[in-house]
Amino acid sequence: MTLFMYELRLFGRQRLAVIALILLALLTSAALAAGIAEVSRQRAAIAAIPVAQAEDIGAVIDYVDRTKDAGSAAYYSFHPTWDAPAPIAFAAFGMRDVSPYILRVRALGLEAQIYDGDTFNPELALPGRFDFAFVLVFLAPLFVIALFHDLVSGECEAGRLRTLEALPNGGRALWRRRTALRMAMLWAALGVPFGIAAMAEGVGAGIIAAVLAVTLAYLLFWVALAALVGRFSWSSVTNAAMLAATWLVLVLIAPTLANVAINAAIPVDQGAEIALAQREAVNDAWDIPRGHTMRRFYAGHPEWADSAPLGPEFHYKWYLAFHQNGDDSVRDRVHAYRSGLEARDAAGRALGWFLPSVGVQALLTRLARTDLGAQLAYQDRIRAFHRRLRTFYYAYLFRDRPFARADFDSAPRFTGTH
């Protein structure tokens, strides 16, 4: 322990190294503060939904109560859905930075509503929001390089290397102590601010331990890489240049090229194209005989086939039927799109076994529930809610039941549970 205290005092005299640690701790704290502020903003937006919804639906209720028309209720009523952030979402925003976390839907065609806010493949290898994951993946290796590139070569250039190796508890024991000390301080600069922020946000102990373990493993990789470069007995400047070039390749160039290769190998249409196809099917339905539309709808939904025939006047059950047909017409494209995204995501996660920067970011977004899987699960909850919503309105439209003020209270409500 005494030797470690001497090493700590010696390290404290290295002004640039101390400044580097303080800077890393400040960057980590700033990233965490920014993440917590953004999560708080999202939670506030979700908390404001009931008030906004009450104001919005109030005008619809007044109008529908006069007409008693279920079709007008289905057409004009927007129903909010939301994806509440996990307690640790502040550490790695992932898909929450590019995909909607609040979506208001109607009982009309759903696919166009979902893909108006397109789902993008999470480019785990590329820089994103300034959060804890960004600091760890992209910036922390630079601080490892700053503290370890001259660990041995610096002593050699100062003419102290042979003396240090000849001392009792010198040589390899000395380098192990110095490595462990610097490693521990780097980990503390990242882990202490994170631990404080995580506990303040109510993150579970298991998740905190997992993130700290990932952080330690990632730092160990870069420390080991610095030690490997140091064994070539190059100068400190050469060591720094080699490690900086390695950082550039492993953190930026290789992941970017791999992402381009994955996208080329697994082509996926944009979600906006699905929305366009669904809208085209809906618009074309105005020119199709209504009997054809209804037969197609009843073929897929026979439980409503005993509904009264359409008269010459406009009826909302025909309107909602061709919206349903529009969704059904793009079902295969939706499945192919989702399968393509999942295949890309799986390829990206497999890449993480070879590129630690990609693997660490993937792990953090998985723990934070901000990865592609979490976004698709939110879409699944929207679809399940929308099915309940349509069934609710169909029961009025296809049975010609009047829809009054009290019926609004019976409409399904999105719970937001995972």
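Does GLY326 fit the bill of being assigned to a helix (DSSP H, G or I) and either at pLDDT 95 or above or in contact with a helix residue (DSSP H, G or I) (Cβ under 9 Å, 6 or more places away or on another chain) (or both)? Yes, satisfied. With respect to SER307, determine if the residue is surrounded by 15 or more Cβ atoms within 10 Å (Cβ to Cβ), in contact (Cβ under 8 Å) with a residue 40 or more places away in the chain and over 18 Å from ALA112 (Cβ atoms). So SER307 passes the test. Among the residues making up segment 64-80, none is touching a strand residue (DSSP E or B) at 6+ places or on another chain (Cβ under 8 Å) and buried (at least 24 other Cβ atoms within 10 Å of the Cβ). In summary, helices (runs of 4 or more DSSP H) completely within segment 207-320 and bearing 2 or more residues that are in contact with a His (Cβ under 6 Å, 6 or more places away or on another chain) and outside the structural domain of ASP332 (by TED's automatic domain parsing) occur at 236-247. From the list ALA368, ALA395, ALA343, the lone residue that is touching a residue at least 60 places away in the same chain (Cβ under 8 Å) and either surrounded by fewer than 22 Cβ atoms within 10 Å (Cβ to Cβ) or not assigned by TED's automatic domain parsing to the domain that holds SER77 (or both) is ALA343.
The residues listed here are ALA281, ALA244; of these, the one that is crowded, with 17+ Cβ neighbours inside 10 Å, small (Gly, Ala, Ser) and at pLDDT 90 or above is ALA281.
So, ALA384, is that one without any contact (Cβ under 8 Å) to a residue 12 or more places away in the chain, under 17 Å from VAL105 (Cα atoms) and among the hydrophobic types (A, V, I, L, M, F, W, C) or not?
yes
The values are calculated or read from the model by the stated rules, or taken from the named source; none is laboratory data. Just so we're clear, the structure is a prediction, and the values are computed from it rather than from any experiment. Virtual Cβ from ideal backbone geometry, glycine too; neighbours counted across all protein chains shown.
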